[in-house]
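The values are calculated or read from the model by the stated rules, or taken from the named source; none is laboratory data. Remember, predicted model here, so these are calculated numbers, not experimental data. Quick reminder, even Gly has a Cβ in these numbers, built from the backbone with ideal geometry, and neighbours come from all protein chains shown.
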């Protein structure tokens, strides 16, 4: 099995990890990945995947305007906001 | 008996007769919390004034007159379900200070039924864990032994119900998070069929597996609660528009002639001897009550933990992407959004959540998707087929809920794989999407700790498993044994 590059995966997940955390997670995931490798024992070439267990497909509803939560209450939970907007660091130079 | 020690049915009778008011009942439970929660730490947040105000409103409306199903019944809510105006942190630092801005569907249902919402119960962070040790706000203790875990992830809800700090509670179950804590704390925990109860307002962990369900003192209370919670909700596209039967009416039918299946894969070498004996005794009891016991096989059981930890973590890595420091919760500043996301998530999530995000991101990443995620989804199909096959031979399946009784705090925290394997009997049902309930079926001897019997049903087979649970409970009475606090 290939060694997992924890730094790269952490970057994909936008998750900053300390060197100690990376080391620990790397060792623990090695155990877990060698455990899940037991799935390779099975021949699944003719099996369809299950994405979810509901019997439903294409659940549609009318595209209508409905009342929503008051904007001010939502913004109250934001770390930073002004003029009815979420404030974030500069994105475009 | 003190009011806090009553079941929903017992307290409801008193309320309807006018023997007690909703305010008195709520005050009794608040007094109980004040007396014992320092030892247990089941609650993360409580607002006694608000709970009493809700109770007074119920009293003013007249309980006896309106006949609401839960009029004046104090209920505790797991900290992963939104209650308008109350905190919802999922026991995570990343959501510290977050106040919900709407009611979950199940909360609307509880309010309509007249329930009094007591407060927020502790859990593993984002419902990831089997011991409640992954909470950012401290460990909840098992009411039977304070050195032991209450199970997880709905450990606070289970401990609260088992110690009479709530008449009933809500939990969520992604891989056993209602049934396993119910088993190790000694109460009844029901995971409904996927789609039976709306997930609207439940903070998502693994969307194809999550279900909300009740933790109660008896099977009859579980049936009553499910009747309130179940039903179609247009706000959850996976909510199934299936009629809701009268679960309580089904209880009285007994289990004569019902076929109960014993999966040989669930009675394995190395299982705790006392658990094995208690479950076998329970099966004998079911046979005495008229059930026909048949041996069945769920051949892919041994793959369930591996499938679960790939699918659940993959879904979690996507669901938890929303916690990025922009719209709510913690923010650690950075020079650009990418740095801000990384720092915020690095500081806000605990070790287990980080581990699962990494595993899930890896399982979904280019080059590994087919080998891990897709393969897991295919084996999930095999696990579903196992159940379909088994249910052609039986009406319900009986197993232990957990391979061990409550373990000690700290015993498994350094070995995530061992912790994951403690879910071995509960996770298949989430993968297959059908229903399951755990009921008390005895105790270990030294120390005295509760043992749970798991009863699994077909999709939308809750009436059947609750019937079995109720018949067993009536014939044994384990649920009457309470921890000495």
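Would you mind stating whether residue B:298 is within 26 Å of the chain's Cα centre (by Cα) and in a helix (DSSP H, G or I)? Answer is no for this residue. The set of residues in segment B:374-392 being buried (at least 19 other Cβ atoms within 10 Å of the Cβ), more than 9 Å from chain A (Cβ to nearest Cβ) and in a helix (DSSP H, G or I) consists of B:386, B:387, B:390. Read through the list (1) more than 15 Å from the chain's Cα centre (by Cα); (2) crowded, with 24+ Cβ neighbours inside 10 Å; (3) under 19 Å from residue B:270 (Cβ atoms), then give the number of the only condition that residue B:426 fails. So the condition that residue B:426 fails would be (1).
Here residue B:322 passes the criteria (1) within 30 Å of residue B:262 (Cβ to Cβ); (2) more than 10 Å from chain A (Cβ to nearest Cβ) except the one numbered (1). Screening the candidates A:48, A:41 for the property of being out of contact with any strand residue (DSSP E or B) (no Cβ under 6 Å at 6 or more places or on another chain) and either more than 7 Å from every other protein chain (Cβ to nearest Cβ) or closer than 16 Å to residue B:364 by Cα (or both) yields one hit, A:41. Among the residues of segment B:301-316, is any under 29 Å from residue A:39 (Cβ atoms), without any contact (Cβ under 8 Å) to a residue 60 or more places away in the chain and surrounded by fewer than 22 Cβ atoms within 10 Å (Cβ to Cβ)? For segment B:301-316, residues under 29 Å from residue A:39 (Cβ atoms), without any contact (Cβ under 8 Å) to a residue 60 or more places away in the chain and surrounded by fewer than 22 Cβ atoms within 10 Å (Cβ to Cβ): present. Against the criterion of being in a strand (DSSP E or B), in contact with a strand residue (DSSP E or B) (Cβ under 8 Å, 6 or more places away or on another chain), surrounded by 23 or more Cβ atoms within 10 Å (Cβ to Cβ) and at negative phi, residue B:156 does not qualify. Can you find a residue that is facing chain A (nearest Cβ under 10 Å), farther than 25 Å from residue B:350 by Cβ and part of a helix (DSSP H, G or I) anywhere in segment B:267-283? No. Condition check for residue A:87 on (1) at the interface with chain B (Cβ under 8 Å from one of its Cβ atoms); (2) surrounded by 10 or more Cβ atoms within 10 Å (Cβ to Cβ): one failure, at (1). The set of residues in segment A:8-24 being more than 7 Å from chain B (Cβ to nearest Cβ) and outside any helix (DSSP H, G or I) consists of A:18 alone. Filter segment B:6-34 for residues that are assigned to a helix (DSSP H, G or I) and either free of Cβ contacts under 8 Å to residues at least 24 places away in the same chain or not assigned by TED's automatic domain parsing to the domain that holds residue B:59 (or both); which is nearest to residue B:147 (Cα to Cα)? Checking each candidate, the answer is B:34. Cβ separations smaller than 7 Å between residues 6+ apart or across chains give the following pairs from segment B:90-108 residues that are closer than 7 Å to residue B:329 by Cα to residues that are in a helix (DSSP H, G or I): B:94/B:348. For segment A:60-79, the candidate set comprises residues that are part of a loop (DSSP other than H, G, I, E, B) and within 7 Å of chain B (Cβ to nearest Cβ); within that set, the residue that is modelled with the lowest pLDDT is A:61.
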